[in-house]
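Right, one structure below, let's go through it.
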Amino acid sequence: MSTKSSEISGFYKLPMEKRLEHIKAFADLADEDLEVLKQAGALGIDRASNMIENVIGTFELPMGIAVNFLINGRDYMIPMAIEEPSVVAASSKIAKVARQKGGIEASTTEPIMIAQIQLTDIDEPEKAKDLILAKKDELLAYANEQDPMLVKFGGGAKDMEVRLVETRRGVNVITHLLVDCRDAMGANAVNSMAEALAPKIEELTAGRVYLRILSNLADKRLARAKCVFDSEALGGEGVVDGILEAYEFAEADPYRAATHNKGIMNGIVAVVRATGNDTRAVEAGAHSYAARSGQYRSLTQYEKTDEGDLLGTIELPMAVGLIGGATAVHPTAKLAVKILGVETASELGQIIASVGLVQNVAALRALAAEGIQRGHMALHARNVAVSAGAPPELVDEIVKRMVEEGKVRMDRAKELIEELKK
């Protein structure tokens, strides 16, 4: 049992060099370990220190470009930041298939986020609901006073809903403030409006407000994409049927749906991360939306067209923005947005949904046509070879041999390194 303590008073006040000294002592790090932490890349320590607390370094991921995407008649090259092999390649491959039938059609609803205001200690919940709704226009006007700039650009609080929610501590009266966030993700604006309305709702109802915060189930801010995928280009009728079987499995069984949707999020999160958006918010919204029927299901839907091709669609919440947060601060995220050439958060949402659909087709095709492991093996083998310590000039040969043998393992990679060095 270690006697070292992580209790350090005022750690956040220390300069980074002092923080590193503490970490070095606590974790028995070597000087070369500290040098790794000091390599901050494009972000830089100063920027990183202004983004989160207690910074000791930065963390890098590979960023690749998915090609071949044609969305709403426009070509895109799509930055994806992800550590998992095969995702970028698979997306690019199926995006090329998608072009054969005209590309992907995508759309979004208005960028409406929901703020929730939780009212408790109410003897007559229905009466409280009526009182709030009777003052809706006044409350909306007051909410909009909190962010005149958002209102100036056409956004702001647009509507209000009130729900009665049964809890074990009694009935909560939950006010939903619906805010058009324009090109921002909107968390700060939405939360500020909810905070401002809380005392007014208390005054109206004589109740007590506890939580006042946005919901990540952004089911009024949806992104949709659909595409027809040519049967022959996918591998024939048998592959299309296999994809449909896999989809129906995910629709019926939440255990399969979890892995099915994870494949979708491989693509979605990679783009969300690359553009500096909130991956946790998008994932929380997607997974809760997948369970809106009471059972966790697929975020995509598939059917066979009269011509025998595969028609795929996707719909999910998409709370992403181009204003504020890491998108406006992180230099690589800003560059990713520039590569995409997007001008609105709506367009970005359409791209992300399209990547999710394409990535899901790629995963299902691999399962139906060849098994996921075979398609994944060559890229995984490269990671294994590098992890085993293969010199750059031997990596290709080691990958080739492991794949041919069907033995993509660390022990085999090390054996091959020794053989080839001799």
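Couple of notes before you dig in:
- Rounded, prolate or oblate (a/c below 1.5 giving rounded, otherwise prolate when a/b exceeds b/c) for region 276-422 by Cα gyration tensor: oblate
- Remark: region 387-404, residue by residue, has Karplus-estimated 3J(HN,Hα) of 4, 6, x, 5, x, x, 6, 9, 4, 4, 5, 5, 4, 4, 5, 5, 5, 4 Hz, where x stands for each Gly or Pro and the curve is 6.51 cos²θ - 1.76 cosθ + 1.60 at θ = phi - 60°.
- For the chain, built as a Gaussian network whose Cα springs stay under 10 Å, the top-fluctuating residue of PHE69, PHE229, PHE249: PHE249
- Within the chain, helix-based [θ] at 222 nm, where runs of 4 or more DSSP H residues each add -39,500 (n - 2.57), nearest 500: -16000 deg cm²/dmol
- Taking Cα atoms only, the orientation of helix 16-27 departs from the longest principal axis of the chain by about 60 degrees.
- Reported value for the chain: 209 Å³ per residue, from the convex hull of its C-alpha atoms.
- This ranking places VAL329, VAL209 by how few other beta-carbon atoms lie within 10 Å of each, fewest first, which gives VAL329, VAL209.
- Along region 92-100 the Karplus relation, 6.51 cos²θ - 1.76 cosθ + 1.60 evaluated at θ = phi - 60°, assigns HN-Hα couplings of 4, 5, 6, 4, 5, 4, 4, 5, 5 Hz to successive residues, with x for each Gly and Pro.
- Spread of Cα-to-Cα distances over 5 Å intervals beginning at zero, given as percent, for region 375-421: 5, 29, 42, 19, 4, 1
- Taken one residue at a time, the phi angles of region 314-327 give Karplus couplings (6.51, -1.76, 1.60, θ = phi - 60°) of 9, 8, 6, x, 9, 8, 10, x, 10, 10, x, x, 5, 4 Hz. Gly and Pro are set to x.
- Checking every one of the trypsin sites (Lys or Arg not before Pro) in region 263-306 against DSSP loop status and a limit of 15 other Cβ atoms within 10 Å picks out ARG292.
- Order of HIS260, HIS287 under a 10 Å beta carbon neighbour criterion, fewest first: HIS287, HIS260
- Pairs from the list LYS93/LYS220; LYS158/LYS334; LYS38/LYS422; LYS4/LYS38 with a Cα-Cα gap above 26 Å: LYS93/LYS220; LYS158/LYS334; LYS38/LYS422.
- Choice from PHE59, PHE26, PHE153 showing the highest fluctuation, given a GNM over the chain with Cα pairs closer than 10 Å: PHE26
- Ellipsoid semi-axes in whole angstrom, largest first, where each is sqrt(5λ) of the Cα gyration tensor of region 18-161: 43, 33, 15
- Site pair THR305 and THR279 shows an inter-label distance of 3.5 nm when each label is modelled 7 Å from Cα along Cα→Cβ.
- Inverse of mean 1/r across different Cα pairs in region 112-214, Kirkwood, Å: 13.5 Å
- Contour excess over end-to-end distance, with Cα ends at LEU29 and ASP396 and 0.36 nm allotted per residue: 128.8 nm
- Sorted fewest first by neighbouring Cβ atoms within 10 angstrom, THR327, THR275 come out as THR327, THR275.
Every number in this text was worked out from the coordinates using simple rules, so none of it is lab data. Values in this document were obtained by computation on a predicted structure and should not be read as measured data. FYI the Cβ positions are ideal-geometry reconstructions off the backbone, even for glycines, and counts take in every protein chain you see.
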